[in-house]
Structures are given as C-alpha cells and as structure tokens.
Amino acid sequence: MRKKSYPRLILASSSRYRLAQLANIGLQLPGISPSIDETPLAQEGPEALAARLAQSKAEQIAADYPDAIIIAGDQVAAVTDSSGTLHSLGKPGDLQNAIAQLKLCSGNTVTFYTALSLVHNAKSATLTQVETVKVTFRTLTETTIERYLLSEQPYDCAGSFRAEGKGVLLFDRIESRDPNTLIGMPIMLLRDMLAKWNIDLARIVMR
C-alpha cells in the first residue's frame, strides 16, 4: 500500500519544552523562533492574549514556508487575588517576579490558557484553539517558594514553575484533559486540529 504523504510540519518556536514534548511522541520537528511583540492589548483577557499570540507566531513563520503546516503555541496563566483582582501571569524573567507570582498562586486555583494555532498555506486555512488547565496550589511558605525557585530557576515559564520537574510538588490538584497542556504543548488538541485537515498524527509518529 502506498504511504500517504502529508505536508511537513514546523514548530514556530525554539522552546526546548515544546520541542521535547513533541519528540517524546516521536515527532522531531525543526523549531524556528518568531519575533513578535507580546504586550497585551488594552482590556485583553488572558485567553484572548494566548490565542492572539499563538496565531501571530504561526502566521509570521508561515509567510516564509508556504509548503508547510506551521504549529505555534502560547500560554498565559491567570489568578484572582483575595480582593477579586485578576492577574495574568506570564514568564517572570527573574527571581523577584517569580516570588511575587508564586505568592499570588499560593492557596489559589490558577487557570492556564494554552493556545495552539496551525497555519496551512496550501489550504489558505488557519485554526486556533485554546485548551485550559486548572491548577490548585498548596499554601506555600516564603521558604518553600524561595527554595523551589533557587533550585529550579523556572524564570522562562509562565506561572514560575516547571510541571515536568519539581514544580509539581507545589500543587494540590490539577484538572485537565491532557497533562501535556500544562507544560505548553496540548498533544491531544494538536491531534484533533490536524484531523480537521485529514492529517493523522498517530499515523505520522507510529509509521
């Protein structure tokens, strides 16, 4: 039987976490990092921000690769403090910002919005969807927060932790369809979105 041929896939990111997640299922993709302004728009909520950034990344890289399907992701976390104020949590960048983020997370439920955007130039088509994960954090002492951050230094991770590492010890509960979503690449959603274009992800990685 003749093997079905699919367009090549490119990840619009150089994130080692997303590349590793895809490699774990047998999908070795080139990663090309886009350059976009990630500043939120006025009154833009965390879900809309994640979706917009993911699509902007995919569209930027797609312009240079018309024969490929471009995959891009973005993640924004959000938590409501004791006064009812909603805070978006991006990548902290440094220790002090990470401490502030984990203090907000302590004892609260944080919603992570992980957006996935696919651009298929040959079909002149774009798909963008958002998968959510709710993480309830334990009540964290300042000592626990500082020890964790100095140990793992997750300053390039939204929410200031690595779920695939020691960060899971900070959690009380995770609510998610797909645990991969929390790390940044919702594999099940990627499978479902590719299927809309009659591309079987399982067939690609299991051949």
Amide H neighbours of Gly159 under 5 Å, counting only residues 5+ apart in sequence or on other chains, H built in-plane at 1.01 Å? Gly90
Which of Ala163, Ala125, Thr141 sits closest to the plus end of the dipole of the stretch 113-166, meaning its Cα is farthest towards the positive end, when Lys and Arg get +1 and Asp and Glu get -1 on the C-beta? Ala125
Just give me a number: lysine pairs in the stretch 8-206, eight or more positions apart or cross-chain, with C-alpha atoms less than 27 Å apart. 12
Kindly provide the helix-only [θ] at 222 nm of the chain, computed as the sum of -39,500 (n - 2.57) over DSSP H runs of four or more divided by all residues, to the nearest 500 deg cm²/dmol? -9500 deg cm²/dmol
Counting only DSSP beta bridges with both partners in the stretch 1-134, the antiparallel fraction in percent, to the nearest 5, comes to 85
Tail beyond 15 Å, pair distance distribution of the stretch 138-207 (Cα, percent): 63
Could you tell me the distance between the Cα centroids of the stretch 67-116 and the stretch 140-162, to the nearest Å? 13
Which order, highest average first, do 25-33, 38-46, 183-191 follow once you tally other Cβ atoms within 10 Å for each residue and take the mean per peptide? 183-191, 25-33, 38-46
For the stretch 8-206, what is the relative contact order in percent, using Cα pairs closer than 8 Å and at least 6 residues apart in sequence? 21
Percentage of Cα-Cα pair distances in the stretch 1-136 greater than 27 Å, rounded to whole percent? 28
For the chain, with only Lys/Arg (+1) and Asp/Glu (-1) charged at the beta-carbon, what is the dipole magnitude about the Cα centre, in debye rounded to 20? 1000
Determine the principal axes of the Cα atoms in the stretch 1-77, then give the extent along each, sorted from largest to smallest and rounded to whole angstroms. 54, 27, 20
How many nm separate the modelled label positions at Lys123 and Ala20, each set 7 Å beyond the Cα in the direction of the Cβ? 3.1
Once the other residues with Cβ under 14 Å from the Cβ of Gln101 are scored (Lys, Arg +1; Asp, Glu -1), what is the net sum? -3
Backbone HN-Hα couplings from phi across the stretch 54-59 [Karplus 6.51/-1.76/1.60, Hz, Gly and Pro as x]: 4, 5, 4, 5, 4, 5
13 Å beta-carbon shell around Ser56, net charge (K/R +1, D/E -1): -3
Proxy exposure order for His120, His87 (fewest C-beta within 10 Å first) is His87, His120
How would you order 195-204, 145-154, 109-118, 65-74 from highest to lowest mean count of nearby Cβ atoms within 10 Å? 109-118, 65-74, 145-154, 195-204
When Thr128, Thr80 are ranked with the fewest other C-beta atoms within 10 Å first, the list becomes Thr80, Thr128
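Readers should treat all values here as calculations from the given coordinates under stated rules, not as data from a laboratory. Here the structure is a predicted model, which means the values were calculated and not measured. We place every Cβ from the backbone using ideal geometry, glycine too, and count neighbours over all the protein chains shown.
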